[in-house]
1. Compute the signed sum of charges (Lys and Arg +1, Asp and Glu -1) over the other residues within less than 11 Å, Cβ to Cβ, of residue 565.
2. Please work out the C-alpha center-to-center distance from segment 391-470 to segment 354-381 and express it in whole Å.
3. Taking R0 as 25 Å, what FRET efficiency do you get between residue 527 and residue 410 from their Cβ-Cβ distance, rounded to the nearest 0.05?
4. Expressed as a whole percentage, what fraction of the accessible surface of segment 660-766 belongs to carbon and sulfur atoms when a 1.4 Å probe is rolled over the protein heavy atoms?
5. With all distinct Cα pairs included, what does the Kirkwood hydrodynamic radius of segment 307-454 come out to in Å, to one decimal, could you say?
6. Where the centre of each part is set by its Cα atoms, how far does segment 102-127 sit from segment 471-530, in angstrom?
7. What is the Cα convex hull volume of segment 244-333 when expressed per residue in Å³?
8. Once you have the Cα-Cα distance between residue 394 and residue 292, take 0.36 nm times their residue separation minus that, and quote the gain in nm to one decimal.
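The values are calculated or read from the model by the stated rules, or taken from the named source; none is laboratory data. This one's a predicted model, so the numbers in the text were calculated from it and none came from an experiment. All Cβ positions, glycine included, derive from the backbone under ideal geometry; neighbour counts span all protein chains shown. Quick note on the areas: whole protein, heavy atoms, side chains included, nothing else; ligands and nucleic acids left out. Shrake-Rupley method; radii C 1.70, N 1.55, O 1.52, S 1.80 Å.
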Amino acid sequence: MPGNNYNCNPSTPRSRLERLLRERELRRSNRFLHPIEDGNRQAELLGNDNFLTEGENFGLSSEEDFPEGVAAAKAFADGCEWKEGRNPKQRLLVVANRLPVSAVRKGEDSWQLEMSVGGLVSALLGVKEFDARWIGWAGVNVPDSVGQKALTKALAEKRCIPVFLDEEIVHQYYNGYCNNILWPLFHYLGLPQEDRLATTRSFQSQFDAYKKANQMFADVVHKHYLDGDVVWCHDYHLMFLPKCLKEHNNKMKVGWFLHTPFPSSEIHRTLPSRSELLRSVLAADLVGFHTYDYARHFVSACTRILGLEGTPEGVEDQGKLTRVAAFPIGIDSDRFIRALELPQVQEHMKELKERFAGRKVMLGVDRLDMIKGIPQKILAFEKFLEENLNWRDKVVLLQIAVPTRTDVPEYQKLTSQVHEIVGRINGRFGTLTAVPIHHLDRSLDFHALCALYAVTDVALVTSLRDGMNLVSYEFVACQASKKGVLILSEFAGAAQSLGAGAILVNPWNVTEVAASIGYALNMPADEREKRHHHNFMHVTTHTSQEWAATFVSELNDTIVEAQLRTRQVPPLLPIQVAVDRYLQSSNRLLILGFNATLTEPKDTLGRRGGQIREMELKLHPDLKEPLKKLCDDSKTTIVVLSGSDRSVLDDNFGDYNMWLAAENGMFLRLTMGEWMTTMPENLNMDWVDSVKHVFEYFTERTPRSHFELRETSLVWNYKYADIEFGRLQARDLLQHLWTGPISNASVDVVQGGRSVEVRAVGVTKGAAIDRILGEIVHNKGMKAPIDYVLCIGHFLPKDEDVYTFFEPELPSEAPPTVPRPAAANPAMTYVPRISTTKSGSKAARLKKQRSLSTLEKRATVHGIGNAWRPTLMRDKMSLHEGSSVLDLKGDNYFSCAVGRKRSSARYLLGSSDDVVTLLKALAEGS
Ligand SMILES: O=P(O)(O)OC[C@H]1O[C@H](O[C@H]2O[C@H](CO)[C@@H](O)[C@H](O)[C@H]2O)[C@H](O)[C@@H](O)[C@@H]1O
Ligand SMILES: O=c1ccn([C@@H]2O[C@H](COP(=O)(O)OP(=O)(O)O)[C@@H](O)[C@H]2O)c(=O)[nH]1
């Protein structure tokens, strides 16, 4: 129980930032307090070079440790603080396509396990803070159960759990969808160009295999999952996994991290399965990227492609927030630093120095992948040799090109291409005893790699795109004595962290890279030292341990924050209760919004394709019948309260027996009667023309935006425009309005999700309902109090006062009553200012609406109606006998927000389809 380990403390961090700062301090002091323990762990690890024995490595250790990140997160969550010493490690299920070990079959039931190559594996090897298990594919097809059983057992010793994928799935999912479609696309190489038709044809079957494979990973997770585990999904192979996991168990803590770049939304939108993949990832609680740019691209794809809301925190869909943030990965730098002290590494270094004595060593270490820019690198080196005769026998380029994804044709082509260029250059510049390029199509073991890093003068990383590139980090970690130079592609994520110390290049610019090689080789010692120092500090402080601890602790926080948010979300409307109470009541009032309450719900496609159709507001066809029935019930009064103008309400509801309140309640009519205005007197509308001018300007300059000129307000709507451009334009528009046309005007500016509305002060639904209610009570000559109110709408926050209007001041308070009014005022004490107007031109109506209704005149004559008062008239209202207009008995009030999660309404309904269900039930019941 977390509670046992924590102690409530007033200094408990209250905010995320505060907690992260606290955690950082804890981590630092822990490093200082437990250096030996840490050293032992390294020695243990290094003693088993490149191999994982039980209980060591990537957080798979069984030894107890100091789980600061988790403890602090829990402390934050519980409002308590980590108390003392040791705490059980948090269980972590790491799910990645590739296991840290790949299996080679040695017999029917015997297996040899080899270290897998790649940055993802390297980084996760450094994660030691957790009680982790790794779920993934062992890189081999095991069709027989004997083999599967034996391999499962062998892997269990490394705390690895296999997912068995057959050859066909691997072909379609890994070689096909992952490495031939997603990988090039995410690295800006586009969808496969050659054999386009074949690709298009095979696309669907590959995507199906991708989903199937993800489900297979999910099935294994379910088998091993225990309550409270954190499930951390990795990379583009498993974008479908968060959805599979959450569908099975919504309580699971799920994080997803992408190790590659996430491209601009313009690239992502070319992918046929673009929306499905984004939605699946959004099922996670926390989504992480290496850099802020990738995170920004992802959020932008969600807003542009899915039409969701991007916030500084992440992506919001119907009140559900998926947090999106940047978590730059690092390496286990100590592991490299310590390795350099080992005798076998020193021996390697000596050999290398002797072998290349008198020549400067340049190094490239990459998987043989088109994103790594190996041909570009070699061509730049060739150019350097061409232009610098004096360096030809004084420099050597060692290129380690680790074979990868060899079943994918693009990779096979790349291999031949690189071989061809290397051969040509060596033929051109080589001598009988030496060649300028040593190209190795193989991987090196850890010690050989460390030695190579340490003797290198210039490391050359020319990735065309790269999620991070850990080779550059490893090189820096091994250069404490040599202080060599790093030439780094500006398109690698690492450029954002090591950019200050490295020489940044555009790998496509061969001339620039060649010149940088010259600059690096000739760089004076003091400049090298300064640059190295800067990068070394970064690499040794931003480690893979920090990366994982931060991600997991943020994930824990995100879940706690989501729980807090959920607690603030009103519950769903208990439809049956609302119906039962309705049936038991005798004087009911139903206040219904129009847009998104009584209209048909719009799906995303409709939003993109049906602007014209959608802009014309139409009553949900399924509502016609129940609404008619409810309107004809003498015990029920219905008001449609909308921001729309009168003609829209006339068109949709003219045939029903109900009250229409247009323009946020500023105009009112019983469908049998004429329009009246409830507008406050002296409503100053002088600002309208200048605001209209500004709205016109922005509408012209924002494609697919439009504006509505209403009598009491103007609305500029950019719902259908490019969302980011729309927001920028809205910001400009507001800035312009505030400093100009409305700087002194008595207006309210209401910002909707995708709209800006300017209204005269006092034009809110809440203020209007007060006056509308008065008019209804008067018009009906109500004798008995209203004993049931149902108020449903998709109202903007500014208009939510309509929900609170009917709430009692205090929960236990009796409904408002007022003393019996004076005889001089026979009807009631409320003072509506209502005047009749007829439909006509807007200008004509604007003039007419100022005339007074009989009711208003009467009130004025009695000396109480001169001005509209913003106070709650509800509290002053009473019936003839002095009893209150409202007698809701506390519980007979159902306020309900449709399609919103944050609301002051008592209840929620998902969409207007739920409104249909409810109104049908009310109609049927009565
Ligand atoms: O598993 P493979 O198909 O053999 O590929 C190896 C790995 O390549 C990619 O690595 C990425 O992760 C690194 C660490 O975050 C990052 O530095 C690098 O820029 C990326 O390319 C891939 O994302 C991994 O899933 C693969 O395992
Ligand atoms: O012969 C080799 C060459 C590379 N690597 C490792 O492969 C990883 C490459 O990671 P990087 O992030 O640079 O790129 P990725 O291959 O993941 O795209 C680094 O940790 C290297 O140490 C290795 O173990 N043996």
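1. On the way: positive: 320, 567, 901, 902; negative: 313, 316, 561.
Its environment carries a net charge of +1.
2. Measuring centre to centre over Cα atoms gives 4 Å.
3. On the way: r = 39 Å, r/R0 = 1.58.
Efficiency at R0 = 25 Å is approximately 0.05.
4. On the way: 2060 of 4330 Å².
Taking all protein chains in place, segment 660-766 shows 48 percent carbon and sulfur surface.
5. Working: mean 1/r = 0.0542 Å⁻¹.
Final number for the Kirkwood radius of segment 307-454 is 18.5 Å.
6. A separation of 31 Å, based on Cα centres.
7. Working: hull volume 9.7 nm³, N = 90.
Hull volume normalised by residue count: 108 Å³.
8. Details: separation 102, 0.36 × 102 = 36.72 nm, distance 4.08 nm.
Between residue 394 and residue 292, full extension yields 32.6 nm more.
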